[in-house]
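K.L.:
This is the structure I have questions about; it appears just below.
The values are calculated or read from the model by the stated rules, or taken from the named source; none is laboratory data. Quick caveat, the model's predicted, so the values are computed rather than measured. For the accessible areas, the whole protein counts, side chains as well, though only heavy atoms, and no ligand, DNA or RNA atoms are used. Shrake-Rupley method; radii C 1.70, N 1.55, O 1.52, S 1.80 Å.
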Amino acid sequence: VDPDVVVATFGGNDAQDVRIDGALAPVGTPEWSEEYGRRVGAMMDQLAEGGRHVVWVGIPNASSEEFTQRLAVLEEVTHDEALDRPDLLASIEEIKALMDYAALERLEEELLLPEQLWRKYQAEKARI
C-alpha cells in the first residue's frame, strides 16, 4: 500500500512518563518534551516519506480534567513539531484543498471522524 494521503492520530496512551537513558522523565518536564518531540517528529517524517500528504489529527479531550491537562502537553509538543514541517496538513481548510467539498459532505454520512476534526468541519460547514 502506498497512499497519497495519510490521516493519523497518535497519543491517546502517550501521557505517561518515559524512560530516557535508564532514568524516568515525567510528563511535562523539558526532558520528556524533548524526547516526545523527537518521537513525534520521527513519526511525522516517516509518514510523509515519498511525498505523502499527512493529516495529523489531535486527540479529543479525555473524560477527566486531569488527563485532559496531560494530553494538552502532548498537543503542545506535537504542534511545535508540526510547525517544523510546513507540508503537514492539520486543518479542515488544508484537507478541503485535497478533496472536493462534495466528497467531504459524503464523508459526513460514511465515516465517524475524530472529534476534533469533526468539530472543525462542522464549524466550517456552518460558515459557508
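K.L.:
Considering amide H positions built from the backbone, and no H for Pro or chain starts, which residues 5 or more places from residue 11, or on another chain, come under 5 Å of its amide H?
P.N.:
none
K.L.:
Note the full-extension length gain between residue 5 and residue 39 as 0.36 nm times their separation in residues minus their Cα-Cα distance, in nm to one decimal. Could you put the intermediate results ahead of the total?
P.N.:
On the way: separation 34, 0.36 × 34 = 12.24 nm, distance 2.07 nm.
Between residue 5 and residue 39, full extension yields an extra 10.2 nm.
K.L.:
Which percent of the Cα-Cα distances in segment 1-57 go past 15 Å?
P.N.:
Numbers: 878 of 1596 pairs.
Counting pairs separated by more than 15 Å, the tail of P(r) holds 55 percent.
K.L.:
Oh, and also: Leaving out ligands, DNA and RNA, and with a 1.4 Å probe, what % of the accessible surface on segment 1-67 is carbon or sulfur?
P.N.:
Working: 2070 of 4220 Å².
Within segment 1-67, the accessible surface is 49 percent carbon and sulfur.
K.L.:
Search the structure for amide H atoms under 5 Å from the amide H of residue 54, placed 1.01 Å from N in the peptide plane, and list their residues when 5 or more places away or on another chain.
P.N.:
6, 89
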